[in-house]
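Right, one structure below, let's go through it.
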Amino acid sequence: MLRGQKTLLRAITRDDLECLWQFNNDVEVELASGGDPPIPQSLARLQAEYENDIVKGGRDGARFAIEADEKCIGQCALFNFNETAQTCELGITIGDKAYWGRGYGRDAVQSLLDYAFRLRNIRRVHLSVNGNNPRAIQSYKSCGFIREGCLRAHVWNNGEYIDLVIMGVLREEWLKLKSDTK
Ligand SMILES: CC(C)(COP(=O)(O)OP(=O)(O)OC[C@H]1O[C@@H](n2cnc3c(N)ncnc32)[C@H](O)[C@@H]1OP(=O)(O)O)[C@@H](O)C(=O)NCCC(=O)NCCS
């Protein structure tokens, strides 16, 4: 649905569930991703959640599989939409570690930002990232995100308390970055 230079962002299908399940059970990926601590997840539970969502009906949310080289390498999403303030949050996990640090994350985030600002009329996109994740922070910076602050020693991560860094990008900043890099 959203085609970047390196990635295609598209709806998650049943065929993606097995690789997403493997990513969700990879402790290194889970520790980097933030949020809940690593918790085991069965394939059956993931499949049941997927089927339940379908039964509920309605539209899929702004949640995408990240495809590269014709396979699913991770997922990303916009969520926590605030219609009044026109803001939302962004999350991304590339679970296939062979694709880390090669620009695939930046490409997917750029597609998501274009979707947010141009197609969903969002004004500000924000995210939180573990302070011990320089790869993610640098990737977000290169997409226009600015570090806005941090919640000190907020996260218990891999045996220690670490900061949770808050980053955000406004539509006008995104448009300027795009025109500067043309
Ligand atoms: C975070 C993530 C999306 C980034 O995508 P990516 O494709 O790996 O990263 P990119 O190649 O786009 O950018 C990485 C940048 O960090 C830099 N980098 C890599 N390792 C680094 C390190 N240890 N210290 C500082 N910078 C580092 C790279 O040089 C690159 O910067 P540059 O383009 O300015 O040279 C991806 O690594 C991922 O999903 N990781 C696992 C889960 C995760 O961390 N999710 C984020 C939750 S907030």
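The values are calculated or read from the model by the stated rules, or taken from the named source; none is laboratory data. Model, not experiment: these values are computed from the prediction. A quick note on method: Cβ atoms are made from the backbone with ideal geometry, for glycine too, and the neighbour counts reach across all protein chains shown. In case anyone asks, the SASA skips ligands and DNA or RNA and just uses the protein heavy atoms, side chains included. Shrake-Rupley method; radii C 1.70, N 1.55, O 1.52, S 1.80 Å.
Taking every DSSP beta bridge that has both ends in the chain, the antiparallel portion is near 90%.
The residues of the chain have, on average, 59 Å² of accessible surface per residue, using a 1.4 Å probe with all protein chains present.
Taking packing as the residue-averaged number of other Cβ atoms within 10 angstrom, the listed peptides 43-53, 167-177 run from highest to lowest as 167-177, 43-53. Split the accessible area of the chain by element, probe 1.4 Å, and carbon with sulfur accounts for 48%. For the peptides 157-163, 88-94, residues were scored by their other Cβ atoms within 10 Å and the scores averaged per peptide; the highest-first order is 88-94, 157-163. When the alpha carbon coordinates of the chain are projected onto the principal axes, the ranges are 46, 39, 35 Å, largest first. Note on the range 86-182: percent of Cα-Cα distances in each 10 Å bin, starting at 0 and stopping at the bin with the largest distance, equals 15, 46, 32, 7, 0.
Using alpha carbons only, how many angstrom separate the centre of the range 128-144 from the centre of the range 13-60? Centre-to-centre distance over Cα atoms comes out at 23 Å. Among the listed pairs Lys71/Lys97; Lys141/Lys176; Lys6/Lys97; Lys6/Lys176, which are separated by more than 19 Å between their Cα atoms? Distance filter (> 19 Å) returns Lys6/Lys176. Where a ≥ b ≥ c are the square roots of the eigenvalues of the C-alpha gyration tensor, would you call the range 1-102 rounded, which needs a/c under 1.5, or, failing that, prolate if a/b is larger than b/c, or oblate? It is rounded, given that a/c, with a ≥ b ≥ c, falls under 1.5.
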